[in-house]
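The values are calculated or read from the model by the stated rules, or taken from the named source; none is laboratory data. What you see is a predicted model; the values in this text were computed from it and never measured. Note: ideal-geometry Cβ built from the backbone for every residue, glycine included; neighbour counts use all protein chains shown. Ligands, DNA and RNA are excluded from the accessible area calculation, which covers all protein heavy atoms including side chains. Shrake-Rupley method; radii C 1.70, N 1.55, O 1.52, S 1.80 Å.
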Amino acid sequence: MSFVLWVGSLMIGLLIFGTLYKYFEVSKARRWRSAPGRVLSSRARARKVRTANSMSRAPAGADLEVRNFAEIAYEYRVDGKTFRSKRISVGEDLGDLFVEQRLAKYPAGASVKVYYNPRNPSQAVLERDAPEGVWRTMAIFIGVAILLLVGGTIGFSALVDALRANLARPERALPVLALAALAL
């Protein structure tokens, strides 16, 4: 098995694993019970987060980026015990997305429906469903990645050979193919 096929298969496998993990996490949250709650505070908060440069050992602090987050604190009661949480959804909050909408949806003092884990009531969220269309998008993305991997490994050498046969300078077949792929 070629290196490209092996690495590509590993990456697609990780994508499938991550998607399935999130799907099952969301499925479990759909079975969580609900309780009335109240928003204690609702504000935008800037935080420094690590970026992709962290992996390349960026100079101290160069891998940090300031992003805005909606920080919603709420409380709810389960079996006579009061709990507090700040987790909004099952999904990961990367920052800078939907901050204003969430602050408008959950203003301080508002009554909210809180979904909590019946086995561990301290685990709670305000939104337990995945964003609209995320599963379809991931399925399409994984399908395209599989097609590219299979087509690229099986059909690549055949395509280079066909180009070599039709080019005036056959040694340029690989760069021509690479540039054509980039153009597409």
Practice problem: Round to the nearest 10 and give me the degree value, 0 to 90, for the angle of helix 173-183's Cα axis relative to the longest principal axis of the chain. | Solution: 30
Quiz item: With axes computed from alpha carbons, what is the tilt in degrees of helix 134-166 against the longest principal axis of the chain, rounded to the nearest 10 within 0 to 90?
Solution: 10
Quiz item: Which order do L182, L163 take by accessible area at a 1.4 Å probe, largest first?
Solution: L182, L163
Practice problem: Taking the Cα centre of region 4-47 as origin, work out the dipole magnitude from +1 charges on Lys and Arg Cβ and -1 charges on Asp and Glu Cβ, in debye rounded to 20. | Solution: 440
Self-check item: With Cα atoms, 0 to 90° folded angle of helix 3-30 axis to the chain main axis
Solution: 20
Quiz item: Taking trypsin sites (Lys or Arg not before Pro) that fall in a DSSP loop and have at most 12 other Cβ atoms within 10 Å as cut points, what is the longest piece of the chain between them?
Solution: 120-184
Quiz prompt | By average C-beta atoms within 10 angstrom, highest first, the peptides 165-171, 175-181 | solution = 175-181, 165-171
Self-check item: Which of M138, M11 is most accessible, then next, and so on - probe 1.4 Å
Solution: M11, M138
Quiz item: What per residue convex hull volume, in Å³, do the alpha-carbon atoms of the chain yield?
Solution: 183
Exercise. Can you grab the distance from the C-alpha centre of region 130-181 to the C-alpha centre of region 62-90, Å, no decimals?
Key: 43
Quiz item: Among G133, G152, A183, which residue has its Cα positioned farthest towards the positive end of the charge dipole of the chain, with +1 placed on the Cβ of Lys and Arg, -1 on the Cβ of Asp and Glu, and the dipole taken about the Cα centre?
Solution: G133
Quiz item: So how strong a dipole does the chain carry about its Cα centre when Lys and Arg Cβ are +1 and Asp and Glu Cβ are -1, to the nearest 20 debye?
Solution: 820
Self-check item: region 16-46 residues near the modelled L64 label - backbone nitrogen below 18 Å, point 7 Å along Cα→Cβ
Solution: 45-46
Quiz item: For the chain, what % of the accessible area comes from carbon and sulfur atoms, probe 1.4 Å?
Solution: 61
Self-check item: Accessible area (Å², per residue) of the chain, counting only protein heavy atoms and a probe of 1.4 Å
Solution: 71
Practice problem: Order F156, F98, F69, F3, most accessible first, counting only protein heavy atoms with a 1.4 angstrom probe. | Solution: F3, F98, F156, F69
